[in-house]
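*Asks:* The following block contains the structure, expressed as structure tokens.
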Amino acid sequence: MTSFDPGSVAAPEHTPSGFMALEETHGAHNYHPLPIVIARARGSWVQDTEGQRYLDMLSSYSALNQGHRHPHIIAALKAQADRLTLTSRAFFNDQLGPFLSRLCSLSGFSSALPMNTGAEAVETAIKAARKWAYTVKGVPTDAAEIITASGNFHGRTTTIVGFSSEQQYHAGFGPFAPGFKDVPFGDVEALSAAITPNTAAVLLEPIQAEGGIIMPPEGYLAEVRAVCTEHNVLLILDEIQTGLARTGRMFAFEHSGIRPDAITLGKALGGGVLPVSAFVADREIMDVFQPGDHGSTFGGNPLAAAVAMAALDVIEDEGLVERAAEVGTDFMERLRSIDSPHVEDVRGAGLLIGVEIKRTSGSARTFCEALMANGVLTKETHEQVIRFAPPLNIDSMDLDWAMGRIQGVLS
């Protein structure tokens, strides 16, 4: 197990219940966290304010693919913080260009537009697709349509929740932007039927992570790619949770042997340290943006660029793609081998795995709370699914330790 730095982790007058009460009193009630107050972390382990250790098997929804406080990433953060943190895009800086070059080389696309959050990357993709439709494809002004899939999760802005099929995500937040069509995930025929001469893009997640680790049918993305090519429609894939080695490939779309027209990245791009995201595409699409069309004060800041390059270093230098594939296959097989009266299904790719709990056994949260009591941290999604997504460099002995506790809870 990871050892932590000595010393007090909290002022003595603060208790776990006190910290939680402060959040409840002064914060918005837009989350339902498990009752744990984390004060320290390293690698795959976290420690609460009372010194109790837990194995993190959520990784902040894939933002911690490299683990907590990876020394290479922290060193890059500190070194850059001592030199330069922010210039805005009003000036060039010596970190952004190398970062963009590295990201393009890794992804196989020729250009990238950096932002901060995943939702910003998706908003950027929407703007790019619409302007491409008007300036390249010839769609009449303000008539562009984008096709999305039921069960999607692309972020929390008003535009994005407006095309969500999840009632809670958009209830009370309208009116919403027009121009989106929703079709069932995995249904190529429905998608093809929804395309019109005004269709600018199809926006999909290769695996619907937040939706409950929903896997696409065999051959689905390849068929979608063919349909988009036939109708001159952009295929944009949201790789914010699935990209950067999480599923056992650098990008989840590689499992299907296709190439989209653009992708969105985030979460692990910041190495678990800073919010860093990007819209990545070829020049024909990216060049619809002209000076003044789009921007972000913090997008592409030198501190974030230095951290992101270090985050990519770790993924490549430590072979996290291969490790996610190997360890994930073994982990999923072991989960499937558990003789449990509660488990409906086990599904996923790499180290993005969902264990669906039968409704007759109650909600997945009950099992997440039991796992927490046994030192394993994860979280439910869509009520019935436990998400297992540990750091990709999790130690094999730690995973063995977790499996004993997972088996105990599920059995």
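*Asks:* What distance in nm lies between label points placed 7 Å from Cα along the C-beta direction at Glu50 and Trp401?
*Replies:* 1.9
*Asks:* Could I ask something else about it? Hey, what number do you get for the chain at 222 nm if only DSSP H runs of n ≥ 4 count, each worth -39500 (n - 2.57), divided across all residues, to the nearest 500? Provide the component values of the computation, followed by the final result.
*Replies:* Values: 14 runs with 142 residues, N = 411.
Helices in the chain give a 222 nm mean residue ellipticity of -10000 deg cm²/dmol.
*Asks:* Treating only the Cβ of Lys, Arg, Asp and Glu as charged (+1, +1, -1, -1), what charge dipole size does segment 320-411 show about its Cα centre? Round to the nearest 20 debye.
*Replies:* Values: 10 positive and 14 negative charges, 58 e Å.
So the dipole magnitude of segment 320-411 works out to roughly 280 debye.
*Asks:* Rg to Rh ratio, segment 220-282, alpha-carbon atoms and Kirkwood radius? Walk me through the intermediate numbers first.
*Replies:* Values: Rg = 12.6 Å, Rh = 12.3 Å.
Rg divided by Rh gives 1.02.
*Asks:* Something else now. Can you bin segment 140-241 into rounded, prolate or oblate? Criterion: square roots of the alpha carbon gyration tensor eigenvalues sorted a ≥ b ≥ c, rounded for a/c under 1.5, prolate for a/b above b/c, oblate for the rest. Provide the component values of the computation, followed by the final result.
*Replies:* Working: a/c = 2.03, a/b = 1.13, b/c = 1.80.
Taking the square roots of the gyration eigenvalues as a ≥ b ≥ c, segment 140-241 is oblate.
*Asks:* Using the Cα gyration tensor of segment 71-317, with a ≥ b ≥ c the square roots of its eigenvalues, what is the shape: rounded (a/c below 1.5), prolate (a/b larger than b/c) or oblate (neither)? Let's see the in-between values first.
*Replies:* On the way: a/c = 1.72, a/b = 1.49, b/c = 1.15.
Note, shape of segment 71-317 comes out prolate.
*Asks:* Further, regarding this structure: Sort out for me the Cα centre separation of segment 148-169 from segment 211-261, rounded to whole Å.
*Replies:* When both Cα centres are located, 18 Å separates them.
*Asks:* Take the alpha carbon atoms of segment 320-411, find their radius of gyration, then divide it by 2.2 N^0.38 Å using N residues; give the quotient. Walk me through the intermediate numbers first.
*Replies:* Details: Rg = 12.3 Å, N = 92, 2.2 N^0.38 = 12.3 Å.
Taking the Cα Rg and dividing by 2.2 N^0.38 Å, one obtains 1.00.
*Asks:* What ranking do His72, His382 get, fewest neighbouring Cβ atoms within 10 angstrom at the top?
*Replies:* Numbers: His72 15, His382 18.
If I rank by nearby Cβ atoms, fewest first, I get His72, His382.
*Asks:* By count of other Cβ within 10 Å, fewest leading, how are Met403, Met57 ordered? The partial results should precede the final answer.
*Replies:* Working: Met403 17, Met57 25.
Going from sparsest to densest Cβ surroundings: Met403, Met57.
*Asks:* Which of Phe153, Ala171, Thr87 sits closest to the plus end of the dipole of the chain, meaning its Cα is farthest towards the positive end, when Lys and Arg get +1 and Asp and Glu get -1 on the C-beta?
*Replies:* Thr87
*Asks:* Counting other beta carbons within 10 Å of each Cβ, put Met20, Met286 in order, fewest first.
*Replies:* Details: Met20 14, Met286 19.
Ascending number of Cβ neighbours within 10 Å: Met20, Met286.
*Asks:* Now a separate question. Say a paramagnetic label sat at a point 7 Å from the Cα of Ala193, along Cα to Cβ; which residues of segment 145-181 have their backbone N under 19 Å from it?
*Replies:* Hits in segment 145-181 for Ala193 at 19 Å: 146-151, 180-181.
*Asks:* Can you compute the modelled spin-label distance between Lys181 and Glu344, with each label point 7 Å from Cα toward Cβ, in nm?
*Replies:* About 3.0 nm, to one decimal.
Readers should treat all values here as calculations from the given coordinates under stated rules, not as data from a laboratory. Since the model is a prediction, treat every value here as computed from it, not as a measurement. With ideal geometry, Cβ positions are generated from the backbone for all residues, glycine too; neighbour counts draw on all protein chains shown.
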